[in-house]
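Engineer: Below is a structure I'd like to ask you about.
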Amino acid sequence: MRNPTKEDREELYEYMILFDMTDDRRTGREPHAVPERLMESFKSSKGFRYQEITSFGVSRNKDEPSNILELIQYMDYVADHRYGNGEFARIGKMPNNMKLYLYYPSHHQFSNNRREMSQESLQYNGSPRNSPPMEVNREDIRKLNDNIDPFAIDKEIDLKPELIKYLPGTINEKVDILRQIFAAHFPAYYMKFTPFGSAVSGIAFCNSKLNINIEMDVPDMKRLLKESTYRGTKEPQNFNYMSDVLHSVGATKITYDDTLCSTSFLLDNFRYEYVFNREIVTKSTDLIQQYMKLDSRVLPFIKTLKYFGRGRNIFAPQLPNNSIRFYAYVIMALSFLISSDPPVIPNLQNINHKDIRDLCMSDDCATRKVFWETAIHKGVVVGATSRFHDCIQYDNSASPCTNRVKKNGSSLYWKSSNKATVGELFIDFMYYYGYEFDYKNFAVSLKMGGITHRKDEFKDDLVVVEDPILSGVNLAVGIIDPLGLQKFQTTLRGAFTLLYGNISFEQVITSTPDIHQYNNLRGLYGKMPKYRPFLRIGWTPSTKTIALIGLPKIPEQDKERVCFCDRIRNLFISYGAVDRLIDLDYTVKQITFTDVKRNVKDIVIPTSFVFEGKKVYLVELYDSIIAEVS
């Protein structure tokens with residue numbers, strides 16, 4: 001009969017650190033508290049449960065190693081004198097008096113190699129803002145190790161088939177086919193067809209589906225919210241009816257995706273997928289294309305990520321449970337690239353962090369056009385903004401940019417001063433999201449510079465990747481339980497360990513069946529120097545700008561005597577002093593507030609509120625460092 005080993009205990013303790021429910025850990029010696037329901041989900045790589053690995057009781061001698069876990073009820077935990085004197089870390093309010101298992105970090109005797117890893121892992125479980133700064137020589141940031149070819153992954157990726165982008169003629173032809181199908185059955189309906197997605201932006205595999213949005217008028221849009229997709233009526237959004245229509249024209253493999261509210265089918269060996277009334281979401285395709293124009297590494301980086309995901313089978317819907325779609329990984333990739341110090345690409349949703357107007361020099365920039373809207377997401381109306389700068393040019397002949405775009409005559413340009421290879425960036429990407437990112441307290445946010453505090457809407461989600469267009473929408477909602485989060489992180493950690501350990505990219509994606517067993521910041525077998533991560537941009541903005549969408553419309557005859565300005569200012573008084581309040585249209589205002597005493601990135605903004613009996617949507621736009629207009 002097998003007995004658990006030291007490795008099994010270490011896996012258990014790392015699991016408890018990962019799913020610790022405590023906050024505000026100040027000394028690092030406070031016990032980690034894990035609810036019983038999460039403990040029941042644990043199983044070591046050798047198949048042992050926590051009951052088989054450790055014993056239970058109360059151990060008071062915190063200077064000696066011990067394998068004892070302390071079991072305590074939630075109410076007893078918060079009433080214990082150790083909670084009052086700070087020996088226990090704070091813990092959020094629990095819905096019931098659940099059992100908690102306590103693990104004291106100093107109780108576990110690691111081997112020298114594992115001790116270093118555990119201490120490093122513990123450091124990254126806290127808030128990035130509260131973690132002590134890592135001492136890194138900036139000149140050595142991109143040097144992983146003299147024994148590693150920094151271009152090794154780049155060379156392997158170059159040999160793989162390129163990602164494809166459908167030609168404009170092909171796109172127009174296929175869109176017209178779908179348009180004719182709907183026109184034949186709904187001649188009286190207004191419909192606008194817009195192609196979008198990876199096949200349009202140029203990051204698709206061969207034979208990828210073409211995504212098409214069908215925009216209908218406002219009355220039809222409202223009906224979408226009320227009527228079932230499967231109701232037996234002759235409506236464009238009715239899947240059962242349209243399934244018969246598509247069959248009649250020779251389509252096969254007709255399916256409906258409840259998570260995306262989309263219909264897919266195959267016609268003449270070409271794959272289509274359409275959605276309704278999400279035109280503003282199609283702007284994300286333009287956003288991705290703009291980023292790819294600004295640095296030659298962005299496309300091969302996304303290509304590397306896409307081949308990794310396909311090789312490891314981590315993308316939804318191919319992996320049906322505890323997975324997220326490729327689009328979410330693209331947003332994670334772009335968020336990583338804009339938050340590296342120096343950044344590989346600028347944040348196009350906030351190019352001028354020292355100007356509360358975030359102005360550019362182009363009159364044709366997308367930020368000067370209508371960028372606000374509402375959209376339907378899973379049958380619910382949400383606020384949406386597609387505000388980003390499409391006026392920035394790449395200029396290889398100009399001087400490098402440090403953190404922000406530069407002026408060149410009458411235009412703005414970008415040229416990164418980050419010299420890392422695609423392979424070096426990819427290894428650091430795996431490290432960042434596998435070890436460093438604090439999923440418990442933060443969300444991945446491309447719009448807000450790579451990272452932001454979690455919104456209340458996401459309190460039950462294990463991983464949050466904010467949609468850059470739709471407010472309050474989590475692209476990583478597919479990770480539904482702790483085991484899913486654990487697998488997500490261990491996949492990235494395993495890939496990091498192998499790639500940093502000089503294992504070929506091809507072997508990592510095709511010839512390593514159990515990648516989750518590898519977890520070492522010194523690479524495979526611990527033979528490499530301790531990994532030095534890239535620096536991350538850290539700045540403390542004091543000013544935040546948001547959009548209020550859907551305010552009550554003031555009748556024309558009352559505009560002279562009625563204004564919501566003072567009431568809106570009072571609504572935001574707890575956030576800071578309102579500096580600017582401007583009208584974008586009759587029902588949309590842009591508001592900027594300042595709090596010089598705190599980092600406004602720490603302010604959690606709700607996504608909606610009720611004003612004058614009407615639901616109003618709040619969408620964050622950008623943050624700024626200073627409040628004065630230059």
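The values are calculated or read from the model by the stated rules, or taken from the named source; none is laboratory data. Everything numeric here is computed off the predicted structure, so don't read it as measured data. Here the Cβ positions follow ideal geometry from the backbone for every residue, glycine too, while neighbour counts run over all protein chains shown.
Engineer: Among the candidates I254, I302, I314, I324, which residue alone is modelled with pLDDT of 95 or more and under 30 Å from F534 (Cβ atoms)?
Structural biologist: Step by step, each of I254, I302, I314, I324 is checked, and only I302 is modelled with pLDDT of 95 or more and under 30 Å from F534 (Cβ atoms).
Engineer: Among the numbered criteria (1) crowded, with 17+ Cβ neighbours inside 10 Å; (2) modelled with pLDDT under 95, which single criterion is violated by N211?
Structural biologist: Answer for N211: the failing condition is (2).
Engineer: Tell me, yes or no, whether the stretch 499-510 has at least one residue that is among the β-branched types (V, I, T) and crowded, with 19+ Cβ neighbours inside 10 Å.
Structural biologist: yes
Engineer: Go through the stretch 392-404 and count every residue that is under 27 Å from S471 (Cβ atoms) and either surrounded by fewer than 20 Cβ atoms within 10 Å (Cβ to Cβ) or at pLDDT below 95 (or both).
Structural biologist: Qualifying residue count for the region: 2.
Engineer: Read through the list (1) surrounded by fewer than 18 Cβ atoms within 10 Å (Cβ to Cβ); (2) outside the structural domain of K209 (by TED's automatic domain parsing); (3) aromatic (F, W, Y), then give the number of the only condition that Y256 fails.
Structural biologist: Just one mismatch for Y256, condition (2).
Engineer: Mind listing just one residue for me: the one in the stretch 68-91 that is of a type in the set (G, A, S) and within 16 Å of E30 (Cβ to Cβ) and, of those, surrounded by the fewest Cβ atoms within 10 Å (Cβ to Cβ)?
Structural biologist: Top of the filtered list is G84.
Engineer: Let me ask you something else. State yes or no: is I480 at pLDDT below 95, among the hydrophobic types (A, V, I, L, M, F, W, C) and touching a Leu at 6+ places or on another chain (Cβ under 7 Å)?
Structural biologist: No; evaluated as a whole, the condition is false for this residue.
Engineer: Take the residues in the stretch 178-190 that are modelled with pLDDT of 95 or more and touching a Phe, Trp or Tyr at 6+ places or on another chain (Cβ under 8 Å); name whichever of them is surrounded by the most Cβ atoms within 10 Å (Cβ to Cβ).
Structural biologist: Among them, the one singled out is L178.
Engineer: Looking at the stretch 296-317 only, could you name the residues that are more than 20 Å from Q489 (Cβ to Cβ), out of contact with any Leu (no Cβ under 8 Å at 6 or more places or on another chain) and not small (G, A, S)?
Structural biologist: P300, Y307, P317
Engineer: In the stretch 389-439, how many are over 30 Å from H516 (Cα atoms) and not small (G, A, S)?
Structural biologist: Residues flagged as over 30 Å from H516 (Cα atoms) and not small (G, A, S) within the stretch 389-439 amount to 23.
Table: residues versus (1) under 17 Å from the mean Cα position of the chain (by Cα); (2) at pLDDT 95 or above.
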residue	(1), (2)
L246	no, yes
Y272	no, yes
S284	yes, yes
L319	no, no
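Engineer: So L521 ticks every box in (1) part of a loop (DSSP other than H, G, I, E, B); (2) on the phi > 0 side of the Ramachandran plot but one. Which box is left unticked?
Structural biologist: Among (1) part of a loop (DSSP other than H, G, I, E, B); (2) on the phi > 0 side of the Ramachandran plot, L521 violates only (2).
Engineer: Considering each of K487, K455 in turn, give the residue that is closer than 23 Å to Y307 by Cβ and either surrounded by 20 or more Cβ atoms within 10 Å (Cβ to Cβ) or not assigned by TED's automatic domain parsing to the domain that holds R49 (or both).
Structural biologist: The conditions single out K487.
Engineer: So F534 fits all but one of (1) at pLDDT below 90; (2) under 27 Å from the mean Cα position of the chain (by Cα); what number is the exception?
Structural biologist: Tallying (1) at pLDDT below 90; (2) under 27 Å from the mean Cα position of the chain (by Cα), F534 fails exactly one: (1).
Engineer: Kindly indicate the residue of the stretch 372-400 that is among the charged types (D, E, K, R) and farther than 13 Å from K293 by Cβ and also farthest from the chain's Cα centre (by Cα) among those meeting that condition.
Structural biologist: E373
Engineer: For the subset of the stretch 585-602 comprising residues that are more than 18 Å from N350 (Cα to Cα) and touching a strand residue (DSSP E or B) at 6+ places or on another chain (Cβ under 6 Å), which member is surrounded by the most Cβ atoms within 10 Å (Cβ to Cβ)?
Structural biologist: Per the stated criteria, the residue is V588.
Engineer: Next question, about the same structure. Hand me the list of strands (runs of 3 or more DSSP E) wholly inside the stretch 364-476 holding 1 or more residues that are in contact with a Ser or Thr (Cβ under 7 Å, 6 or more places away or on another chain) and within 19 Å of M332 (Cβ to Cβ).
Structural biologist: The qualifying strands (runs of 3 or more DSSP E) are 442-445, 450-453.
Engineer: If M448 passes every condition in (1) within 27 Å of Y307 (Cα to Cα); (2) within 23 Å of the chain's Cα centre (by Cα); (3) touching a residue at least 60 places away in the same chain (Cβ under 8 Å) but one, which one does it miss?
Structural biologist: The single condition M448 does not satisfy is (1).
Engineer: OK, next. Look through the stretch 608-630, keep the residues that are under 15 Å from G449 (Cα atoms) and hydroxyl-bearing (S, T, Y), and return whichever of them is modelled with the highest pLDDT.
Structural biologist: The qualifying residue modelled with the highest pLDDT is Y622.
Engineer: Also: For G478, are the conditions met, namely being closer than 30 Å to E156 by Cβ and in contact with a Phe, Trp or Tyr (Cβ under 8 Å, 6 or more places away or on another chain)?
Structural biologist: The answer is no for G478.
Engineer: Still on this structure, please answer the following. Tell me which residues, restricted to the stretch 515-542, are out of contact with any helix residue (DSSP H, G or I) (no Cβ under 6 Å at 6 or more places or on another chain), aromatic (F, W, Y) and within 30 Å of I356 (Cβ to Cβ).
Structural biologist: Once the filter is applied, which keeps residues that are out of contact with any helix residue (DSSP H, G or I) (no Cβ under 6 Å at 6 or more places or on another chain), aromatic (F, W, Y) and within 30 Å of I356 (Cβ to Cβ), the stretch 515-542 yields only W539.
Engineer: Just to be sure, is T421 free of Cβ contacts under 8 Å to residues at least 40 places away in the same chain, under 17 Å from R532 (Cα atoms) and more than 14 Å from the chain's Cα centre (by Cα)?
Structural biologist: The answer is no for T421.
Engineer: When the residues of the stretch 496-518 are narrowed to those that are β-branched (V, I, T) and part of a helix (DSSP H, G or I), which ends up modelled with the lowest pLDDT?
Structural biologist: T510
Engineer: A further question follows. Being among the hydroxyl-bearing types (S, T, Y) and touching a residue at least 40 places away in the same chain (Cβ under 8 Å) is the requirement here; does Y307 meet it?
Structural biologist: yes
Engineer: Oh, and also: Which residue is surrounded by the fewest Cβ atoms within 10 Å (Cβ to Cβ), if the candidates are limited to the stretch 264-287 and must be out of contact with any helix residue (DSSP H, G or I) (no Cβ under 9 Å at 6 or more places or on another chain) and of a type in the set (A, V, I, L, M, F, W, C)?
Structural biologist: Applying the filter and picking the extreme gives L266.
Engineer: Of all residues in the stretch 506-552 being without any contact (Cβ under 8 Å) to a residue 60 or more places away in the chain and of a type in the set (F, W, Y), which is nearest to V600 (Cα to Cα)?
Structural biologist: Looking at residues that are without any contact (Cβ under 8 Å) to a residue 60 or more places away in the chain and of a type in the set (F, W, Y), I get Y518.
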